[in-house]
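Heads up, the thing below is written out as structure tokens.
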Amino acid sequence: MCIGGVTYFSSETPLGSVLPAMFREAHWEPRFGSREPDSTRHQVDRGLTVLAHQPNGEPLFLFMNVSATHVPLGHYLPGGTGPDGMDGQTAALA
């Protein structure tokens, strides 16, 4: 299963359909995207929902494209603005 973050997982375009097609189950929606400050929480919530319905003992490979590490990053910095650099990347991971 994959939970995409960036639009390469959106299935809305021919390019965005390539990576999701490699998985039996793929999830993407705009709130998983890098412009959403709570994108990681939304992605993890989706993963937990899917895992809750996974049959016991059945293995699951999960690929999550964490969009919070992609630009724009300024909204993770104090004051909600800043350049897209190492400080924003560190704040996004925190």
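Every read-out reported here was derived from the displayed coordinates using simple, explicitly stated rules and does not represent laboratory data. Since we're looking at a predicted model, the values are computed, not measured. Glycine also receives a Cβ, built like all others from the backbone with ideal geometry; neighbour counts cover every protein chain displayed.
What longest region of the chain stays clear of trypsin sites (Lys or Arg not before Pro) that DSSP places outside H, G, I, E and B and that have at most 15 other Cβ atoms within 10 Å?
Within the chain, the longest run free of exposed trypsin sites (Lys or Arg not before Pro) spans 36-94.
On C-alpha positions alone, give me the angle between the axis of helix 39-52 and the longest principal axis of the chain, in degrees, nearest 10.
So the helix axis and the longest Cα principal axis differ by about 20 degrees.
For segment 1-46, what does the alpha-carbon gyration tensor say about shape, rounded, prolate or oblate, given a ≥ b ≥ c as the root eigenvalues, a/c under 1.5 as rounded, and a/b over b/c as prolate?
oblate
For A26, what residues show an amide H to amide H distance below 5 Å, using hydrogens built from the backbone and excluding near sequence neighbours?
Excluding prolines and chain starts, which carry no amide H, the hits are C2.
Rg(Cα) of the chain divided by 2.2 N^0.38 Å?
Working: Rg = 14.5 Å, N = 94, 2.2 N^0.38 = 12.4 Å.
Output field value: 1.17.
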